[in-house]
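Here is the structure we will look at.
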Amino acid sequence: MINKSKISIIGAGMVGSTTAFALMLSGLSLDIALIDVDRKKAAGDALDMMHGSAFLPSSEIYAGDYADCGDSSIVIITAGARQKSGESRIDLLKRNNYIFRQIAGEILKNCPHQPIIIVVSNPVDILTYLTYELTGFSRNKVFGSGTLLDSSRFKYLLGKQMNIDPKSLHAYIIGEHGDSKVAAWSKTSIAGMRFAEYSDKRSGFDEAVADRIADEVKDAAYKVIEMKGATYYAIALSVRRIVECVLRDDRSVLPVSCVLKGEYGIENIALSLPSIVGKNGVEEILPVEYSEREMSKLISSADSLKKAYADLKS
């Protein structure tokens, strides 16, 4: 008998169902419970995916309920209001606050063993911290998808500009998964070469190009939402990567949204920093030294998130 890892996905909208499909394609043997207020829709998604099970490694996807979280290794939260065209992630906060309080209550009722919780819903950093506070789980076990997707977008645009495979780039977006995100240019590298050193040897890359790429990363989600109403393919792949790191204990470095307790002088909020992700969740937040300008932007990003969270609490 195949030993399967159990995952519950709360929210069977486009992000949740696409995440389930991405996990089905991962090669991992999984039991995936799709939990949604519209159980019929969740059941339809599950059945549609399982009709292709003959072509894939053994996984089981089905419509579940909160009791399924009780024996899950990982609970993924994708539920929440959809971001509208032109709407910032912070604008989503009040609409999603009520939903998350209900979800946290159900997790507490059904999960005394404290599974790893991966928050994907936006605004992901604030909702990650809210989930951490509401559940009382240890901070390594509650984290968000954060800027992993932003960093992938960053690599894609850099690779396109420099005609290099994005997988050969080391590049991170840190801070908020939102408008105050920070491109960590000082830590961007190619084959061990600092990106500034590499780009100095090639014409056509200057500060204006760097600013344009950073702006394109910041506006990427808005552009997709304007064109098709929602983003879900790339974020699903991002979540799949996180799940793989946890279940295989990869200990890979990923920029996920972590609850901070004094790192860089920041506390009482969650934001993204390169972190080692393994079987225990966030195993370590790496103490990377950023440039003075990047640090200033990171602190500003944290301050904006803390203000939004304080407004929510008040």
Practice problem: Name the residues whose placed amide hydrogens come within less than 5 Å of the amide hydrogen of Val142, ignoring near sequence neighbours (fewer than 5 apart) on the same chain. | Solution: Ile117
Self-check item: Helix 148-162 vs. the chain, principal-axis angle (Cα, 0 to 90°, nearest 10)
Solution: 40
Quiz item: Of all the Cα-Cα pairs you can form in the stretch 203-314, what percent are over 17 Å apart?
Solution: 68
Exercise. Any chance you could check the Cα centroid distance between the stretch 258-281 and the stretch 24-86 for me, in angstrom?
Key: 27
Quiz item: When Asp31, Asp219 are ordered from fewest to most other Cβ atoms inside 10 Å of their Cβ, what list results?
Solution: Asp219, Asp31
Quiz item: When only Cα pairs under 8 Å and 6 or more residues apart are kept, what is the percent relative contact order across the stretch 5-144?
Solution: 24
Quiz item: Going by alpha carbons, how many degrees (0 to 90, nearest 10) lie between the helix axis of 292-313 and the longest principal axis of the chain?
Solution: 40
Quiz item: Along the positive direction of the dipole of the chain (beta-carbon charges: Lys, Arg +1; Asp, Glu -1; about the Cα centre), which of Ser121, Leu286, Trp185 reaches farthest?
Solution: Ser121
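Relative contact order, percent, of the chain when contacts are C-alpha pairs under 8 Å separated by at least 6 residues?
Relative contact order of the chain: 18 percent.
Neighbour counts of other C-beta atoms within 10 Å: give me Ser314, Ser180 arranged from fewest to most.
Ser314, Ser180
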Self-check item: Rough spin-label spacing in nm, given labels placed 7 Å along Cα→Cβ, for Asp71 and His51
Solution: 2.9
Quiz prompt | Helical mean residue ellipticity (222 nm; -39500 (n - 2.57) per DSSP H run of 4+; nearest 500) of the chain | solution = -14000 deg cm²/dmol
Quiz prompt | Residues Met50, Met14, sorted so that the one with the fewest Cβ neighbours within 10 Å comes first | solution = Met50, Met14
Exercise. On a 0 to 90° scale, report how tilted helix 233-247 is relative to the longest principal axis of the chain, with both axes built from alpha carbons and the result rounded to the nearest 10.
Key: 70
Practice problem: Calculate the dipole size of the chain relative to its Cα centre from +1 charges on Lys and Arg beta carbons and -1 charges on Asp and Glu beta carbons; express the result in debye to the nearest 20. | Solution: 260
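All of the numbers you see were taken from the coordinates with simple rules; none came from a lab. The structure displayed is predicted, hence computed values, not measured ones. With ideal geometry, Cβ positions are generated from the backbone for all residues, glycine too; neighbour counts draw on all protein chains shown.
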